[in-house]
Amino acid sequence: MTAAAAPVLARLVDAAASVLPGWRGSLQAPGPEHRPWCSPGTGGLAALHAQLARRHPEAGPHYWALRGWGLLIWQPVYLSVIGVHLCGLCPRSQALLQSPADGELGDYALADQLPFTGDEAACLRLAAAQLAEGCEGLLRAWQAQAPLHPKAARLTLADSTLAAVLAVQRHERLAGPASEARAQRRGACWLAALGLPRAGGYFKYQDAAGAERLALDRKVCCLHFRRHDGDRCSTCPKRPLPERIACLNLE
């Protein structure tokens, strides 16, 4: 790891772990199983699909396809959003290395590449462009393994991005209308830059203490309820809005 890249990448890894405790990144030399997230290789994708089918045969192929896609893209999405808003940088697309073959994609490695830096708007535009391009190529490769409709894939990308923006807002520990408005602006900017301007959003609700909060207005169901141990998520779009709010207040 070069002297120039190491402290910058370490700052990103630390910020990511502070937003999602337990999420581990490495600056060490990656193992042979690690590949750039946007070109993971067919072997890793086939192994990921097989693991999902083996673990949850009852959930069916549409669940395997959507769950696998969500696993493949969540790390690049969250690292991009965290990098832009908490570190003032945009990690290079090829720098994020992950191993789909392990079936989890919970840990990652960062290659020795100095990220782009600049103002927040410029970093956001570049990060979104890299995500959009990387996801289009990755989707074609994943569709060779799983029957995932492009619309479902893009809505999942939008939901994941908006969820990452909310995670950053909560990490900043700011509350009130100004914080909510900033999160909404950030979310809208990301979706516009991704070419998905109407693919998702947030809704406001009052929590049990009477405070106004934001929640993710999901546009695609993750199908978790099809698992024998699953249920509909609290913000599942298949739930009526009052039911979603009631579930959120139980969390």
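The values are calculated or read from the model by the stated rules, or taken from the named source; none is laboratory data. In this text, all values refer to a predicted model and were calculated from it rather than measured experimentally. Cβ atoms come from the backbone with ideal geometry, glycine included; neighbour counts cover every protein chain shown.
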Exercise for the section: Go through the range 37-56 and give me each residue that's part of a loop (DSSP other than H, G, I, E, B) and either of a type in the set (Gly, Ala, Ser) or over 10 Å from Ala101 (Cα atoms) (or both). Expected result: Trp37, Cys38, Ser39, Gly41, His56
Handout entry: Leading residue by the ranking (modelled with the lowest pLDDT) among those in the range 225-236 that are part of a loop (DSSP other than H, G, I, E, B) and surrounded by fewer than 17 Cβ atoms within 10 Å (Cβ to Cβ)
Key = Gly230
Exercise for the section: For the range 27-39, indicate whether the set of residues that are under 13 Å from the mean Cα position of the chain (by Cα), crowded, with 20+ Cβ neighbours inside 10 Å and either closer than 30 Å to Arg185 by Cα or not aromatic (Phe, Trp, Tyr) (or both) is non-empty. Expected result: yes
Problem - Any hit, the range 96-104, residues being of a type in the set (Asp, Glu) and under 18 Å from Leu9 (Cβ atoms) - result: no
Handout entry: Positions within the range 172-204 being surrounded by 13 or more Cβ atoms within 10 Å (Cβ to Cβ) and either among the acidic types (Asp, Glu) or modelled with pLDDT under 90 (or both), in sequence order
Key = Glu172, Ala175, Ser179, Glu180
Problem - Residue list for the range 199-251, filter: closer than 20 Å to Ala181 by Cα and among the aromatic types (Phe, Trp, Tyr) - result: Tyr202, Phe203, Tyr205
Completion exercise
Exception for Glu120 within (1) over 22 Å from Leu166 (Cα atoms); (2) loosely packed, with under 15 Cβ neighbours inside 10 Å; (3) not basic (Lys, Arg) falls at (1)
Practice task
Would you be able to say whether some residue in the range 72-82 is out of contact with any Phe, Trp or Tyr (no Cβ under 7 Å at 6 or more places or on another chain) and either assigned to a loop (DSSP other than H, G, I, E, B) or farther than 27 Å from Gln184 by Cβ (or both)?
Solution key: no
Completion exercise
Going through the range 83-112 in order, the residues found to be in contact with a His (Cβ under 7 Å, 6 or more places away or on another chain) and either free of Cβ contacts under 8 Å to residues at least 60 places away in the same chain or outside any loop (DSSP other than H, G, I, E, B) (or both) are Leu97, Gln98, Ala109
Completion exercise
Given (1) free of Cβ contacts under 8 Å to residues at least 24 places away in the same chain; (2) closer than 23 Å to Leu72 by Cα; (3) surrounded by fewer than 17 Cβ atoms within 10 Å (Cβ to Cβ), Ala209 misses just (2)
Handout entry: Residue among Ala167, Ala208, Ala181 that alone is under 26 Å from Gly68 (Cα atoms) and among the small types (Gly, Ala, Ser)
Key = Ala167
Handout entry: Any hit, the range 68-82, residues being in contact with a Cys (Cβ under 7 Å, 6 or more places away or on another chain) and either free of Cβ contacts under 8 Å to residues at least 12 places away in the same chain or hydrophobic (A, V, I, L, M, F, W, C) (or both)
Key = yes
Handout entry: Long-range neighbours under 7 Å by Cβ, at least six apart or interchain, first residue on the phi > 0 side of the Ramachandran plot and surrounded by 13 or more Cβ atoms within 10 Å (Cβ to Cβ) within the range 132-152, second part of a loop (DSSP other than H, G, I, E, B) and at pLDDT 95 or above
Key = none
